[in-house]
Amino acid sequence: MEEAVRLIKDSQHMVALTGAGVSQESGIPTFRGTDGLWRQYDVSRLATPDAFETNPSLVWEWYSWRIGLISECRPNRAHITLASWEHRGLLKALITQNVDGLHQAAGSKNVIEVHGSIHHVRCTVCRYRGPTPVQIEGIPVCPECRAYLRPDVVWFGEALDQSILQSVYHHLQSADVCLVIGTSGLVQPAATFPFIVKFLGGHVIEINPDRTPLTDISDVRLAGKAAETMARLDELVTGT
Ligand code: NAD
Ligand code: ZN
């Protein structure tokens, strides 16, 4: 803990990378945890272009269930601490793989959502993008061309938006500390972000109750849950 506090206090350009684990204590299931099932489906198989092509109504049914669940969840101490560190100028960028919007709900402004957001939709045919409809019945259709809408998220097997990636790499090049919270380190290319910081001479701090492929390159490993670990770190870093 002391080493993490020292690295954070001494940093000039700290960035954070968060994954599903940061929202677990808010009540949102992760994909790879024991709760990674919905009905009898493996959820990681529903988050694919193939699943949408084969059965769009099933995929939308799952998304409406997730949207309902997320709407009842509140940011936890990990989200809140990251927002407050940004406000204090300590955290320069927050790169998240999450689509739940809880970082923004906690007050973070500079959030780079590399996998999109469940709160937005886009058309499968034209360039329409917009907010996710409040009531989802069946498969929502585009207000401009009547084609199917899909969640504006990046599914497994899809490429990330180039301009978003550029902004990520811009921050990684300057980063002297990368705080990695609640990610399995298995989803590419996000899993390579901490490696880039390390390769360029920065330090990696990992917060996760379990070991991951990123543990071996981490300078500090804090084996614990995100909210309680970040609350403790916040006390030590800011004295609050
Ligand atoms: P993952 O489900 O693959 O892994 C979650 C990781 O979090 C695991 O390493 C686990 O040990 C750790 N973890 C579990 N509980 C934790 C806690 N309380 N504190 C800290 N760590 C904890 O998640 P991933 O690496 O983000 O990759 C899955 C993909 O699925 C991502 O693309 C993500 O966008 C998406 N996803 C998003 C959400 C969300 O928006 N909340 C939820 C599930 C999956
Ligand atoms: Zn359209």
In degrees, nearest ten, helix 162-174 long axis to first principal axis of the chain (Cα):
10 degrees
Pick out which of Asp176, Asp216, Asp152 has the largest mean-square fluctuation in a Gaussian network model of the chain, springs linking Cα atoms closer than 10 Å.
Asp216
Between helix 77-87 and the chain: long-axis angle, C-alpha atoms, 0 to 90°, nearest 10:
70 degrees
Most exposed to least, judged by fewest other Cβ atoms within 10 Å, Lys198, Lys109, Lys9, Lys225 sort to Lys109, Lys9, Lys198, Lys225
Diffing region 135-144: the Karplus 3J(HN,Hα) column from phi (6.51, -1.76, 1.60, θ = phi - 60°), in whole Hz with x for Gly and Pro, holds 9, 10, 10, x, 9, x, 10, 5, x, 9
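Jot down the per residue volume, in cubic angstrom and as a whole number, of the convex hull over the alpha-carbon atoms of region 116-161. Show your work: numbers first, answer last.
Details: hull volume 3.8 nm³, N = 46.
Hull volume over Cα atoms, normalised by residue count, gives 83 Å³.
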Ordered by packing density, taken as the mean number of other Cβ atoms within 10 Å over each peptide's residues, highest first, how do 73-81, 135-143 rank?
73-81, 135-143
If you fit an axis through the alpha-carbon atoms of helix 56-71 and take the longest principal axis of the Cα set of the chain, what angle between them do you get, 0 to 90°, nearest 10?
40 degrees
Does the chain come out rounded, prolate or oblate, given a ≥ b ≥ c as the square roots of the eigenvalues of its C-alpha gyration tensor, rounded meaning a/c under 1.5 and, failing that, prolate meaning a/b above b/c?
prolate
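Considering only the chain, what is the antiparallel percent among its DSSP beta bridges, to the nearest 5?
Bridges in the chain are about 35 percent antiparallel.
No lab work stands behind these numbers, since they all come straight from the coordinates. Computed from a predicted structure; not experimentally measured. A quick note on method: Cβ atoms are made from the backbone with ideal geometry, for glycine too, and the neighbour counts reach across all protein chains shown.
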